[in-house]
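The structure under discussion appears below in the form of structure tokens.
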Amino acid sequence: MRLTEGQAGARILAFGGYQPARVVTNDELAQTVDTNDEWIRSRVGIASRRIAGPDETVADMAVAAGGKALAASGLSPADIDLVIVATCTPEAPIPNASASVAKRLGIVAPGAYDLNAACAGFCYALANAADAVRTGTARNVLVVGAEKLSQWIDWTDRSTCIIFADGAGAAVVGPVEDPADPPGIGPVHWGSDGGLADKIYIPNRDAFIIQEGQAVFRWATSALAPIALEACAKAGVEPTELAAFIPHQANLRIVEAIARKLGAPQATVAEDIVTAGNTSSASIPLALSRMIERGEVASGSKALLLGFGAGLCYAAQVITVP
Ligand code: UT7
């Protein structure tokens, strides 16, 4: 018996993002629930969000984002041999989304699995992809975060319907160009606290998302900055070297509170929640793909990713921006 020959390190070759066409403003929501634009902007930071069409699926959005990432990577579908779709809102438990996403992208017979770590899902999937490339179990991996949270929201519950939204983001992961090059995906720092599992949950298949917002808010603003800093330490990167910080887009006040504690005043902080809402596992790759498109973060610079949410689960890693 012997082990597969691995690679020196993994890197992200490209990102891609997708948002559904329909824009839902705070004023529109205020027509159906007792809320207002000022409350939502000041307490959550959202101005508008995107909601998928009735027939638009998680797999549809994953294909759109994954296709963009694949095209931008310069690889062909034949180069991909593992597809991971992070989602907590699949259409059904079986079949998984990833195998059909792969098929629709022309990726033939890859390893394919869905991963549920809720809003931390993309960072978990990215870590798995990097490990697969390093150990030689995959050459190149398509990693997608895709969510249709709108189908799990009680649209009469103002505490949740103003927050969650739909979308997808993707990354192509492959080996570093030269084995002597440093890795482009740093070690993940991940974990969970199942003692807080009842703070965000869906009680059964006919129910909607229930969230104890204040409890999650307190946890996020106290527990997560040390976790983000640990990911920097594991990667050997000082916070002052970061060009960007892309935390899960849960609440702008949470984003800003964690960013203040990082000691990285030079880093551009993702504020995609303003026009994207909270898209769970899609939020980080979606935010970063849009920052790259707008030229807000340079290729080759260091960015810190931090996913967190239901579970409660969290994961953070430093990456080199493609
Ligand atoms: O992505 C997964 C991870 N999730 C998170 O990280 C979410 C973390 N939590 C949060 O982001 C915030 O706790 C929320 C955005 C969910 C809520 O904001 P908050 O500042 O914690 O508000 P609150 O729940 O303490 O409510 C304050 C007040 C209450 O009224 P009273 O009791 O003070 O009279 C609520 O009933 O605001 C009221 N309220 C609203 N008012 C207008 C709650 N929702 C709304 C609303 N519009 N949509």
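The values are calculated or read from the model by the stated rules, or taken from the named source; none is laboratory data. Treat the numbers as computed from the prediction; the structure is a model and nothing was measured. Cβ atoms come from the backbone with ideal geometry, glycine included; neighbour counts cover every protein chain shown. Note: accessible area is taken over every heavy atom of the protein model, side chains too, but ligands, DNA and RNA are not part of it. Shrake-Rupley method; radii C 1.70, N 1.55, O 1.52, S 1.80 Å.
At a temperature of 25 °C and a viscosity of 0.890 mPa s, determine how fast segment 171-242 diffuses translationally according to Stokes-Einstein, using the Kirkwood radius over alpha-carbon pairs as Rh; express D in µm²/s, rounded to the nearest whole number.
For these conditions, the coefficient is 157 µm²/s.
Calculate the translational D of segment 189-320 in whole µm² s⁻¹ from Stokes-Einstein, where the hydrodynamic radius comes from the Kirkwood formula applied to all Cα pairs, the temperature is 25 °C and the viscosity 0.890 mPa s.
Calculated translational D: 162 µm²/s.
Report the antiparallel proportion of the DSSP beta bridges in the chain as a percent, rounded to a multiple of 5.
65 percent
Which value in deg cm²/dmol, rounded to the nearest 500, describes the helix-derived mean residue ellipticity at 222 nm for the chain, given -39,500 (n - 2.57) per DSSP H run of n ≥ 4 and division by the residue count?
-9500 deg cm²/dmol
Quick one: give the max-minus-min coordinate of the C-alpha atoms of segment 99-187 along each principal axis, largest first, in Å.
55, 29, 16
Within the chain, how many Lys pairs that are eight or more residues apart, or on different chains, come under 28 Å at the alpha-carbon?
9
What order, most packed first, do the peptides 240-248, 210-218 have when packing is the mean number of other Cβ atoms within 10 Å of each residue?
Order by mean packing, descending: 240-248, 210-218.
Highest mean first, how do 45-52, 197-204 rank when packing is the count of other Cβ atoms within 10 Å averaged over residues?
So the peptides 45-52, 197-204, ranked by packing, come out 45-52, 197-204.
For Glu271, which sequence-distant residues (separation of 5 or more, or a different chain) have an amide H within less than 5 Å of its own amide H, given hydrogens modelled in the peptide plane?
Sorted by chain and number, the residues that satisfy this come to none at all.
Mind listing the Cα extents of segment 10-175 along all three principal axes, in Å, largest one first?
53, 28, 25
Using alpha-carbon pairs under 8 Å, 6+ residues apart, how would you state the relative contact order of the chain in percent?
Relative contact order comes out at 26 percent.
If amide hydrogens are placed 1.01 Å from N in the peptide plane, which non-local residues have theirs closer than 5 Å to the one on Lys148?
Distant-sequence amide H within range of Lys148: Thr89.
What Kirkwood radius, in Å to one decimal, follows from the Cα pairs of the chain? Don't skip to the end; give the middle numbers.
Working: mean 1/r = 0.0517 Å⁻¹.
Here the Kirkwood hydrodynamic radius works out to 19.3 Å.
Identify the GluC sites (Glu not before Pro) of segment 1-87 meeting these criteria: DSSP loop state and at most 12 other C-beta atoms within 10 Å of the C-beta. Please report the intermediate quantities before stating the final value.
Numbers: sites: Glu5, Glu28, Glu38, Glu56; in loops: Glu5, Glu56.
Answer by residue number: Glu5.
Determine the share of the chain's accessible area contributed by carbon and sulfur atoms, expressed in whole percent, with a 1.4 angstrom probe.
Working: 7040 of 13390 Å².
Of the solvent-accessible surface of the chain, carbon and sulfur hold 53 percent.
Within the chain, which whole H helices from DSSP have a Cα span along their axis of at least 20 Å and a mean Kyte-Doolittle hydropathy of 0.0 or more, if any?
Working: long enough: 58-73 (22 Å, 1.11); 121-135 (21 Å, 0.56); 213-235 (32 Å, 0.70).
Span-like helices, by this rule, are 58-73, 121-135, 213-235.
Give the percent of DSSP beta bridges with both residues in segment 189-320 that are antiparallel, rounded to the nearest 5.
The antiparallel proportion sits near 65 percent.
Of Met291, Pro265, Phe217, which is farthest on the positive side of the dipole of the chain, counting Cα position, with +1 on Lys and Arg Cβ, -1 on Asp and Glu Cβ, and the Cα centre as origin?
Highest projection toward the positive end goes to Pro265.
Rounded to the nearest 5, what % of DSSP beta bridges with both residues in segment 10-175 are antiparallel?
65 percent
Residues of the chain: accessible area per residue at 1.4 Å, in Å²? Mind showing how you got there, number by number?
Values: 13390 Å² over 322 residues.
Per residue, the chain has 42 Å² of solvent-accessible surface.
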